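What follows is a single structure, written as structure tokens, with notes after it.
The values are calculated or read from the model by the stated rules, or taken from the named source; none is laboratory data. Every value quoted in this text rests on a predicted model; they were computed, and no experiment measured them. When we count neighbours, we look across all protein chains shown, and the Cβ atoms used for this are built from the backbone with ideal geometry, even at glycine. Remember, those area values only see protein heavy atoms, side chains included, never the ligands or the DNA or RNA. Shrake-Rupley method; radii C 1.70, N 1.55, O 1.52, S 1.80 Å.
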Amino acid sequence: QVQLVESGGGLVQAGGSLRLSCAASGSIFRINTMGWYRQAPGKQREFVAGITSDGNTNFADSVKGRFTISRDDAKYTVYLQMNSLKPEDTAVYYCSADGWRSPLRRFDAWGQGTLVTVSS
């Protein structure tokens, strides 16, 4: 199995910054896309940012210009740098990854979630 372990969540004041990390481990042949989703209380889970194996990135409109996503393939790790945080960014953030365990076996995995709270 492929597992994702997240870190970096916490409490921060509006306007501040946090960096989330997510490290993948297990049987990994290739990771294709890694990304971040978030879910606020009473809301549906929404896409935040993603990055492909080629380095192409995509962001939700609500975070463009404030968040940056990057990956370190040597460490099987994806990062989410969150700047200029707003109270509406408060949510549980989930890391995701999809790829191949072997040339013929795919995987998709999710982290357990980490809480980000932005105070006003």
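A few notes on this one:
- When residues of segment 32-45 are limited to those that are assigned to a strand (DSSP E or B) and within 18 Å of Gln112 (Cβ to Cβ), the one farthest from the chain's Cα centre (by Cα): Gln39
- Within segment 46-82, the set of residues being in a loop (DSSP other than H, G, I, E, B), open to solvent by 30 Å² or more (accessible area, probe 1.4 Å) and either of a type in the set (A, V, I, L, M) or within 21 Å of Ala23 (Cα to Cα) (or both) comprises Thr52, Ser53, Asp54, Gly55, Asn56, Asp73, Ala74, Lys75, Tyr76.
- The set of residues in segment 83-110 that are polar (S, T, N, Q) and in a strand (DSSP E or B) comprises Ser96, Ser102.
- Among the residues of segment 1-19, those that are closer than 19 Å to Asp108 by Cβ and surrounded by 17 or more Cβ atoms within 10 Å (Cβ to Cβ) comprise Val2, Leu4, Glu6.
- Verdict on Ala40 being touching a Cys at 6+ places or on another chain (Cβ under 9 Å), open to solvent by less than 50 Å² (accessible area, probe 1.4 Å) and either of a type in the set (A, V, I, L, M, F, W, C) or without any contact (Cβ under 8 Å) to a residue 40 or more places away in the chain (or both): no
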